[in-house]
Every structure is written in structure tokens, then in C-alpha cells.
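Participant: Here it is, the structure in full.
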Amino acid sequence: MDHSNTVPPSPSPSSSSSSSSRHVERMINSNHYKSPSRTICSDRFIPYRSASKFSLFDIRGSDNTSTPYSSLLRTALFGPDAPLTPDKTSHNIFRYKTETRQSMHSLSPFIHNDDVVSTANHTPVKPPRKIPRSPYKVLDAPALQDDFYLNLVDWSSLNVLAVGLGNCVYLWNACSSKVTKLCDLGNDDCVCSVGWAQRGTLLAIGTNSGQVQIWDASQCKMIRTMEGHRLRVGALAWSSSLLSSGGKDKNIYQRDIRAQDNLVSKLSGHKSELLVWNQHSTQPILKYCEHTAAVKAIAWSPHVHGLLASGGGTADRCIRFWNTATNSHLSCMDTGSQVCNLAWSKNVNELVSTHGYSQNQIIVWRYPTMSKLATLTGHTYRVLYLAISPDGQTIVTGAGDETLRFWNVFPSLKSQNTESKIGALSFGRTIIR
């Protein structure tokens, strides 16, 4: 535009005064009037292009009527899927070069920078895992004893459940649902504990008479008997070929079942406290006296070395956590009920507890917050027995109501939403013998 051209003055109306005429003339010829008190700037803004960021974009087709701002405005107002007019669909307006990593939305005047960052880095939050509140399978287990000090259920690495019923031990194959009677101790004895070796088909059986028997379940054959305990053997634990047994006589025997002279050590010292032992001493290395009732529930964390969980009986009702590496008490949770069993998930940092008086419930906890993920009910007697399937997803619980109930409570290692394949399609109720 040539600013040297002047606009011809308009004729003043005859009715206007001379001052009004001058005022109108100043408005019309504002481009030529210079105020003595201030400087008049032009209303046209021409940016300094070398400071702009247009080099970030490859803008093609100057004949296109669309602009980057128009595209961003349309996206901000109508969403990224807003339709284009026909004459705009044939052009790729923006194309990012390799040196820029900005999102196109970061240039929009309607989005704050903080929102752009949070949107770009946002990870979708998974909904809470749904834990079924009902068991997927129930087995009748006649003569399953209601005794707090027994351990009559264990699940092998080969997916076989061992259950002590009276004076007999039965095996239930979780894949085929086949039931096998492994042994009968006769009328003069009864089963007090069962425990599978960590791998293979060997099963240890603790009896009321104080014997520990080793059976090969694949052949339904007893391979050896070990004496020592004077009273019932209610606790069994394997570590490779080393078997530990705990009796009512307050003694713990450790045996290497490969050796002819199998006794490795005898540990004595229990009264009413929780004791921690190691393989190198016959004296306890730690002693905890905080529980105010019998402690049956004990479980080592598979996730944190030296982390021990313990649960107390009816007068205590608490789950306590201990760092045995530093000999420190970490936390305490009052569950409101007798704690009968504890077991950690091997797939996630969670644990399950089973309870007796007065609610007979099963609780799945998230550690270390100890928030409840699920409370499962169904047993009408205290839930004295607990075992976990080899894949770590399913638990089986047993009670004096003479039932075994199977629950899908933990996620798999690969997916937290994958259901257990063990019996997942087997519904209904059957008898174990």
C-alpha cells in the first residue's frame, strides 16, 4: 500500500461548525495527522520471521487456503476426527521433520503445556483386579479334622493334592480329578500332617504316634519310616532332600532322607514363643514374644529376603511382619479373627490369610500397605488348611465343615487378568473319596 496517496477531503455539511469539521477531517485523515504528544503506530503487524519456528514444518502448496492455526483450531474445537472440506483433503498440510519431537497438540492455544506432557506420558490405569467371591470347585472331604494344630492339605509341584482324612491319605489329581487312596494307617493311628517334596513325587506323612513316613506317590509305596518324636507330628517342611518335622513334644528333627543315618540335627527350646533357627546352630538365633496366643501361621516372603509373616490365635488375632535380617518388628495388623494360615503369592507381592473364630473368612492382602483386595466366605467352620497351586494362581482351603474349596485369587506371572487353568472349567461339587 502506498502511504503517499492522500484521501480527498469530504465536503463539510453546512450545518457543522468549524471545530466539528476539523475533528471529522482529523479522523478521516488520521494517517497524516501527527499528535504532538504521542506517536501513532500502524495497525499492521509484520513478525520477525527469523525468530519463528516455521522451519519445524514443511508447508506445501501456497495456494491452499488452510493454515496450521486453522487446522489446530479445528482439532481443538471438534476433535482430531473432525471432517475436512473437500478441497482440503488432498493436501498434507503438516509433516514433522526428524529433528522435532513436539506433539502437534502442543502448539494448540487451548492446551496447557503441563496437560500436553501429562497426556504424552500418560499410562492407562488398569482397573482393580476382580477376585471371584465364590469358589469354582468344592470337594467333600469326610472326616477332615477340626484341629488347629494339624496340617492335612498340601499341593505338589506336579499338580496333585494330598489330603489326610482320619487314618488315610488321599491324592486328588487336579488335571484329571482322579482320586487315589495312598495309604491307611490302621485303627491305631491317624494322619496329623502331609508335606510334598519341593519337586517330584515324594510325600512325607506325620502321624499321631510320632512317626514320619516317606511315600513315593507315583508307585503308592512307602520307602522309609523315621522315628524320634514321642508325640504327634503336626508340621512338616522340605528343603531339597532335607526334611524338618515338628512335634507336640516341642522338638524339631531335621533329616536328610538320602542318608541311611538320616538325622542331621535336633532342635529343642520351644515353649510359647516364635523362634527362628538356621542351619548352622542348634540354638535359636531370634526369639519373638509379641504374639499373645499360639502361632500356627508362618510364611517366608518369596520377594524380600528375610521377611517373615506370622499370625496369632484367638487371643491375638494379629498378623505381624519381621525383618529377620535386622531383627526388627516391621508392622502389625489386627485381623479381628483367629489367624490359621498365611501364604505369600509367588507371582505378586500379596498374601492370603485364613481365619477361624469368629468369621471363618479368607482375606487377600496387598503388601506392604495391607489393604484388603478381597474377603472370601463360605466355610462354616474355621479355615484350618491352606495350600497354593503350582502355578501360584489358585488356593485350596479346608475346614472342619468337611469341605475343600478352590478359589482363583492371584494373577499369573504373564498377565494379572489370566485365570488359572487348573480346574477353571470344573464347577460343581464332588467327593474326594
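Participant: Within the accessible area of region 128-169, what % is carbon and sulfur when the probe is 1.4 Å and the other protein chains stay in place? Present the calculation step by step, with values, prior to reporting the outcome.
Facilitator: On the way: 840 of 1550 Å².
Answer for region 128-169 is 54 percent, counting heavy atoms of protein chains only.
Participant: Could you tell me the center-to-center distance, by alpha carbons, between region 350-370 and region 186-242 in angstrom?
Facilitator: Going from one Cα centre to the other spans 29 Å.
Participant: Turning to a different aspect of this structure: What base-10 log of the normalised intensity I(q)/I(0) is obtained for region 142-257 from the Debye formula, alpha carbons as equal point scatterers, at q = 0.10, 0.13, 0.16, 0.20 Å⁻¹?
Facilitator: Log10 of I(q)/I(0), two decimals: -0.25, -0.43, -0.66, -1.05.
Participant: Sticking with this one: Once both labels are modelled 7 Å past Cα along the beta-carbon direction, what's the Asp189-Leu330 spacing in nm?
Facilitator: Placing both labels 7 Å beyond Cα along the Cβ direction yields 4.0 nm.
Participant: Next question, about the same structure. In region 165-255, what chymotrypsin sites (Phe, Trp or Tyr not before Pro) fall in a loop by DSSP, with at most 11 other Cβ atoms inside 10 Å?
Facilitator: Nothing satisfies the criteria.
Participant: How much length is gained if the chain between Tyr357 and Thr282 is pulled fully straight, taking 0.36 nm per residue apart and subtracting their Cα-Cα distance, in nm to one decimal?
Facilitator: 23.5 nm
Participant: Stick to the Cα atoms of region 296-424, pair each with every other, and give me the Kirkwood hydrodynamic radius in Å at one decimal.
Facilitator: Working: mean 1/r = 0.0675 Å⁻¹.
Computed over Cα pairs of region 296-424, the Kirkwood hydrodynamic radius comes out at 14.8 Å.
Participant: Counting heavy atoms of the protein chains only and a 1.4 Å probe, report the per residue accessible area for region 271-378 as a whole number of Å².
Facilitator: Heavy-atom accessible area per residue stands at 45 Å².
Participant: How much length is gained if the chain between Val125 and Val179 is pulled fully straight, taking 0.36 nm per residue apart and subtracting their Cα-Cα distance, in nm to one decimal?
Facilitator: Values: separation 54, 0.36 × 54 = 19.44 nm, distance 4.37 nm.
Additional length available on full extension: 15.1 nm.
Participant: A follow-up question, please. Quick one: if you stick a label point 7 Å off each Cα along the C-beta vector at Leu73 and His303, how many nm between them?
Facilitator: Output for this residue pair reads 5.3 nm.
The values are calculated or read from the model by the stated rules, or taken from the named source; none is laboratory data. In this text the structure is predicted, and so the values were computed from the model without any measurement. Heads up, the Cβs are rebuilt from the backbone with ideal geometry, glycines too, and the neighbour counts pull from every protein chain shown. These accessible areas exclude ligands, DNA and RNA; they are computed on the full protein's heavy atoms, side chains included. Shrake-Rupley method; radii C 1.70, N 1.55, O 1.52, S 1.80 Å.
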